1. Of all alpha-carbon pairs in the range 816-875, indicate the percentage at a distance above 14 angstrom.
2. Taking the dipole about the Cα centre of the chain, with the C-beta of Lys and Arg at +1 and of Asp and Glu at -1, give me whichever of Thr816, Leu62, Leu281 is farthest to the positive side.
3. Does the range 419-557 come out rounded, prolate or oblate, given a ≥ b ≥ c as the square roots of the eigenvalues of its C-alpha gyration tensor, rounded meaning a/c under 1.5 and, failing that, prolate meaning a/b above b/c?
4. Out of residues 5 or more away from Val609 or on other chains, whose amide H comes under 5 Å of its own, with H placed 1.01 Å from N in the peptide plane?
5. Go through 565-573, 490-498, 335-343 and give me the packing order, highest mean Cβ count within 10 Å leading.
6. How big is the C-alpha Rg of the chain next to the rule-of-thumb value 2.2 N^0.38 Å, as a ratio?
7. Just how far, in whole angstrom, is the range 487-532 from the range 733-795 if you go by their alpha carbon centroids?
8. Suppose every Lys and Arg Cβ carries +1 and every Asp and Glu Cβ carries -1, with no other charges. What dipole size does the chain come out with about its Cα centre, to the nearest 20 debye?
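The numbers here are math on the coordinates, done by the rules we state, and not lab data. If you're wondering where the values come from, they're calculated on a predicted model, not measured in any experiment. With ideal geometry, Cβ positions are generated from the backbone for all residues, glycine too; neighbour counts draw on all protein chains shown.
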Amino acid sequence: MNEKYDASAVEAAAQAHWQSTDAYRVREDKPGEKFYACSMLPYPSGKLHMGHVRNYTINDMLTRHLRMNGHNVLMPMGWDAFGLPAENAAMKNKVPPAKWTYDNIAYMKRQMQAMGLAIDWSREVATCSPEYYKWNQWLFLKMLEKGIAERRTQVVNWDPVDQTVLANEQVIDGRGWRSGAVVEKREIPGYYLKITDYAEELLAAVADPEDKNYLAGWPERVRLMQENWIGKSAGVRFAFPHTIADDSGALIQDGRLYVFTTRADTIMGVTFCAVAPEHPLAAHAAAGNAELAAFIERCQQGGTTEAELALKEKEGMPTGLFVTHPLTGAQVPVWVGNYVLMSYGDGAVMGVPAHDERDFAFAKKYGLPIQQVVAVEGETFSTDAWADWYGDKQRAVCVNSGDLDGLPYKDAVDKVAELLAAKGLGEKRTTWRLRDWGVSRQRYWGTPIPIIHCDHCGAVPVPEKDLPVVLPEDLIPDGSGNPLHQCATFVDVACPQCGKPAKRETDTMDTFVDSSWYFMRYTCADNHDAMVDGRTDYWMPMDQYIGGIEHAILHLLYARFWTKVMRDLGLVKADEPFTRLLTQGMVLNHIYSRKTPQGGIEYFWPHEVENVFDAQGKIIGAKLKADGSAVDYGGVGTMSKSKNNGVDPQDLIDRYGADTARLFTMFAAPPEATLEWNDAAVEGAHRFLRRVWAFGLKLSALAAPAAEAGDAARKLRREVHQILQQVNFDYGRMQYNTVVSGAMKLLNALEGADAAAAGMPAALREGFGILLRVLYPATPHIAHALWLELGYGAEFGDLLDAPWPQVDEAALVQDTIELMLQVNGKLRGAIQVAASADKAAIEAAALASADFAKFSEGKAAKKVIVVPGRLVNVVV
Ligand SMILES: [Zn+2]
């Protein structure tokens, strides 16, 4: 056995062993309960970062621990390999995205192997391989057949720099999330998946604990984020009739301006209506009004998310048009408002300034009337300033509202719906915030949409036998749009229906399609004839999914939708894809910077500076080690290249070994909390592993004479099994930081024991065997090496499948216990009694003790009170 812990030799040997035994190949026919543990698949950006190391180590600990506990565990890995960064890298380096992507995959795969992850690589999936995306295309065609997918023309967010459509959430402050370009609105055709058809079911599993698919194993906040995103609201949809006609004399929208409201009880307070800039009434009014037309054009720049609209200064302009109030018959002016979304509901809203904060501000700004129509007892209404109770529907009672007066919210809404229905002008309606999923992207590096456009037959689906539609892998985008347009061998095809020359669709699918079902493909990656098979039903639903909170909405929602579609097509049985979800925290590091004389900011690496602390030990600044000059401390933030605070996992592995990197990331924080980088703690983790090695060396040299365990050995065993009991509990709740601290306590206990005591060598050997198994899921290489060196392998088999150590209940039983001794209620000492001692025996021991003799001053005991397990009080 090596004197010193040599991480690189230990890790190379362990990995060679795992490779030669094909240790991580998983089979469905293996006995044991199945467990599917999966990390969200990475984008092959070039290198692993510390967030990956953390995520995969969590997954690896779970996998190894469960495998030792007899589960049949699957831990696969793949690559989310399509998408924009590859195109941008291609433009920069003049290499095709395919080459860049495959090179990165190869490099990152080597890094993962160096980390010693228990991945079954035989199931690897790269979403850019035709073998994979063929099934995207196949399912897309099935969805077209079933009407779940359809072609529509819609107004979209267009990024003029990236030349693509952006989802609402990809528009930030009116600019493209990646390019920073001011987003334009365009009307273009594309394919949409009807996720809204599944809205009720998607909502129930996150919002209704009684639902059969309720996702109790998900973090509360993720369920809430999905619930809000789906955004179900109940209200009334009704029309303001009008007689506004277009140039041909026809009434615009049949003479009805429809709105939706959740506050129909305030309908008598309407003093204006606001329509979206794209609304037909707005367009009609703008035709003869240059000022309004200019305003509308201004509104169309910038983002369209609700979050953005909420932040935007509310602006409007009157159209000069009027509609009729459906209940009072009053004339109501129509405004164009920059805060009204055409894509939400009917693209128009009623304005009730007295009871809606946004409308209140709008009315104050433009001098529109404000009419109070609900009251709350004890409150006084004033048009001077907004007060929160104006919008309170729970306590509201109608006033100034004719027949509605005196009615509370719910009754008033019912009454209004009834009155509107009687006039044929409205009804109760449920609306959703969720929109159908537009999957067409005007990009090259993605799954080709399997459609052929024929002048005679229209949009014709590619016949199933011609799948996959293979994306050419040798094109290099130059920034002038999708290079597929110029690729004649791709574009020019014969129409599958009439055989005449036709053009292939050049749009590709949103990469969220790729990530919506890859976890199912892992279960049957070698099946060339079907998308999924019986093995998918064996593994699904996934038991534990692990990924970042940034995927809480879109990816998880799309994957849930996709799974339900596959279920409805009879492909899988699962209703929901992910039973449990863990959102691991981010990895943060300290940020040091200072302003340069030129007005820029210069960042420094943490190792270049020395912190300056205040009296409480808080960092208040820093000094540059090189010259002692002052540097500003910016707190902690996500690791980034641009801020000189990233840590390259490879450097860490090269310097200390993978086990140290793994141990540090598991020990530094619970999996769901943010992790602050700390170089000293990394050193500490490495030191701990050296101590484990040193102890193993000592133990290997220890003679083990057979001897009955004495008190010291029994005490050690009790401590070891107590710690094991806690560790088991922490493994169960995935609190891996306290698992590691349990391992540290175990080592302390073993190191502190007297090896010469009776029966101690056997107790130490047992304890070290437990320590190696407790530690193995976190640091598998060193545990594997010591397991073999010390002969545990011969006894229990390969550590991979070695049985998890059982808590020895007998060892936990204490032979003797200590009770506090009180005399007349004052603490006077302690007595030792057998753990099984009854009240009489405890009394006798108390009265016979030296402490009692001393403090009772010769008086006889009048009464003895025993509190079991704690104390004995003698009254004299
Ligand atoms: Zn045709």
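1. Numbers: 763 of 1770 pairs.
Considering the range 816-875, 43 percent of its Cα-Cα pairs are separated by more than 14 Å.
2. The Cα lying farthest towards the positive end belongs to Thr816.
3. Details: a/c = 1.80, a/b = 1.18, b/c = 1.53.
Because a/c hits 1.5 or more and a/b fails to exceed b/c, the range 419-557 counts as oblate.
4. The answer is Lys625.
5. Working: 565-573: 16.9, 490-498: 15.2, 335-343: 21.2.
My ranking of the peptides, most packed first, is 335-343, 565-573, 490-498.
6. On the way: Rg = 35.0 Å, N = 876, 2.2 N^0.38 = 28.9 Å.
Computed over Cα atoms of the chain, the ratio equals 1.21.
7. What the calculation gives is 52 Å, centre to centre.
8. Details: 89 positive and 110 negative charges, 298 e Å.
The dipole of the chain has a size of about 1440 debye.
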